[in-house]
1. Report the Rg/Rh value for segment 50-204, based on alpha-carbon coordinates and the Kirkwood definition of Rh.
2. Can you give the helix-only mean residue ellipticity at 222 nm for the chain, where every DSSP H stretch with n ≥ 4 adds -39500 (n - 2.57) and the sum goes over all residues, rounded to the nearest 500 deg cm²/dmol?
3. What FRET efficiency comes out for K274 versus V221 if R0 is 30 angstrom and r is the Cβ-Cβ distance? Round to the nearest 0.05.
4. Pop out the ³J(HN,Hα) list for segment 108-113 in order, Karplus 6.51 cos²θ - 1.76 cosθ + 1.60 with θ = phi - 60°, rounded to Hz; leave Gly and Pro as x.
5. Among residues other than L157 whose Cβ falls under 14 Å from its Cβ, what is the net charge (Lys/Arg +1, Asp/Glu -1)?
6. Straight-line reach from K216: which lysines fall under 21 Å, measuring Cα to Cα and dropping same-chain residues less than 8 apart?
7. If you find the alpha carbon centre of segment 266-281 and of segment 1-40, how far apart are they in angstrom?
8. Can you tell me the FRET efficiency between Q110 and L134 if r is taken as the Cβ-Cβ distance and R0 is 25 Å, rounded to the nearest 0.05?
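Coordinate-derived values only; no laboratory data. Everything quoted here is computed from the prediction, not taken from an experiment. With ideal geometry, Cβ positions are generated from the backbone for all residues, glycine too; neighbour counts draw on all protein chains shown.
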Amino acid sequence: MSILLVVVVHCYNLKNRYLQPFTVVEEPLTLTTFIQYLISNGLVRFIIPLLFIISGFLFASGDEQSYKFRILKRLRTLLLPYLIWSAIALILTYWLQQYPSTSLALKDAQLDQLGDNRTYSQFAWSDLLLRLTLFPIAFQLWFLRCLFIYNLAYPILLKALTNYPKIWFSVVSFLWIASFGAHFMEGEGLLFFSLGIYSQKGQLNIITPTTWLQPKRWIGVLVASSIIKTLLAFYFKWTISSYIILSILHKTTILSGLIVIWFGLDKLVFTCMKRPWFVSLCSYSFFIYAIHVPFVCYAICYLYRFYPFLLHHRLLLFCILPMATILIALLIGKGFKLISPKLYALFTGGRG
């Protein structure tokens, strides 16, 4: 369910091609732009923190295995898929750059993390190597890179959480609130990965919500903070004040969203997990995650040019593209696994 929402988050077609917590929108407020920003940069932005919590919980669950064994396993399950899918994105981008119609769409997508959207034929090998390893065009892969670093740091994190939990959470909470970010370590992932470890060690009740964590109390906070943030993003110009206000509202949507989704959707999850077809689809979660970018970003910029005559064509594209992307990813994944299960296992780190 989380992976499906990750796809939704990346399917917006706003002129701002990369939404950050504090992004102000550089186009008029309309029904289309409002809905896209509300969903992609508001209501469902708790998804990545949720995935970090789950990842921390699962890694801490394997303490019966040696640290060395688990890290060596992560080379296969995290770093190898990271490099494989980064290379696939590079090759796909280079291929599409050879055709005028798609090359223009690629420039509009502005996916290069270093801000250089020239064709790859103009790059030196060192530039391509940098994009393969540290700045992948498939930008969603940053999660795997950070996750591997947190796995490496697990003994330190566990010691801090065991001996100095209040001090540790004070530090990482400050880093999160301050939007601290480094290429291999950033506040959001560090806080929520630590929260996952802490939960697994039985220090938090993650089954039954307390009075203050009742999801009905927080769903209003989630909706209200998301709507206010969205409206202000169209009203504000970029200033330090707008950065602070939008960032605070963003943190509020994340915290309230985590509470609502974790404690409020148990019945839906249990119902879905009783369906064999749904359990079968769950095995393709990583494949959907790995393949959807840069595919959706290029598809948005390419398709956007062809249907301006349709009423609300941008909103229709935002609604249709996520499900189309997931369906295409499932078909490719099923075919891939059927034809070459060993190669499929290599590409997905043994998942599914």
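1. Answer for segment 50-204: 1.08.
2. -21500 deg cm²/dmol
3. That pair, K274 with V221, gives E of 0.45.
4. Running phi through 6.51 cos²θ - 1.76 cosθ + 1.60 with θ = phi - 60° gives 5, 5, 6, 8, 5, 5 Hz.
5. Once all neighbours under 14 Å are counted, the net charge is +2.
6. Those lysines meeting the cut-off are K229, K251, K267.
7. First find each Cα centre; the distance between them is then 28 Å.
8. Efficiency computed from Cβ-Cβ geometry: 0.85.
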